[in-house]
Amino acid sequence: MQFLMERLVNRTETSMGLAPPFDLASAVAAQIQRIVECRPYVGTRGARICDFGMPPIVDTSIGMSDHERYGARLLDAIARYEPRLHTPRLEWLSTGKALRPYALVVHGGLVQDEEPIVFRFELPCPDDLA
């Protein structure tokens, strides 16, 4: 299943030129990345304007219980905004780095062409992208 924007990007009209084949795992990983990068917005007097996204993880403390709370909220967001990922779960990996002690990995299952696919996505850190 493709979301609307994915259907627009992955066009099939020959007059527009064909896009590369749809990669479900990459699309799900991109959606999870968007969820983490976007920030929910609350307007004046507590009016919830947009619930899509996650608060910045740097606003939490470095304790594992705070990470677990962040992870629970992320799992809720994934369940709501990325229904193609079945039975999502999180794993916190120790990195051994002082400024980034843990890496977050999302696991779950996908179904594409009636075939089950194991999904694993380690959320990138800006340090990793440089």
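Of the strands (runs of 3 or more DSSP E) contained entirely in region 71-130, those carrying at least 3 residues that are under 18 Å from Glu37 (Cβ atoms) fall at 102-112. Contact annotation: residue pairs with Cβ atoms under 7 Å, 6 or more positions apart or on different chains, pairing a residue in region 97-114 that is more than 21 Å from Phe22 (Cα to Cα) with a partner that is among the acidic types (Asp, Glu), are Arg100/Asp127; Ala103/Glu122; Val105/Glu91; Val105/Glu122. Can you spot a residue in region 19-37 that is at pLDDT below 75, loosely packed, with under 13 Cβ neighbours inside 10 Å and either within 15 Å of Arg120 (Cβ to Cβ) or of a type outside the set (A, V, I, L, M) (or both)? Looking through region 19-37, at least one residue is at pLDDT below 75, loosely packed, with under 13 Cβ neighbours inside 10 Å and either within 15 Å of Arg120 (Cβ to Cβ) or of a type outside the set (A, V, I, L, M) (or both). With respect to the stated conditions, Ala29 is in contact with a strand residue (DSSP E or B) (Cβ under 6 Å, 6 or more places away or on another chain) and of a type in the set (A, V, I, L, M, F, W, C). Got at least one residue in region 100-118 being within 23 Å of Pro40 (Cα to Cα), of a type outside the set (A, V, I, L, M) and open to solvent by less than 50 Å² (accessible area, probe 1.4 Å)? No, because not a single residue in region 100-118 is within 23 Å of Pro40 (Cα to Cα), of a type outside the set (A, V, I, L, M) and open to solvent by less than 50 Å² (accessible area, probe 1.4 Å).
The values are calculated or read from the model by the stated rules, or taken from the named source; none is laboratory data. Computed from a prediction, not measured in an experiment: that's the story for all the values here. No Cβ is skipped: glycine too gets one built from the backbone with ideal geometry, and neighbour counts run over all protein chains shown. Accessible surface areas use protein heavy atoms only, side chains included; no ligands, DNA or RNA. Shrake-Rupley method; radii C 1.70, N 1.55, O 1.52, S 1.80 Å.
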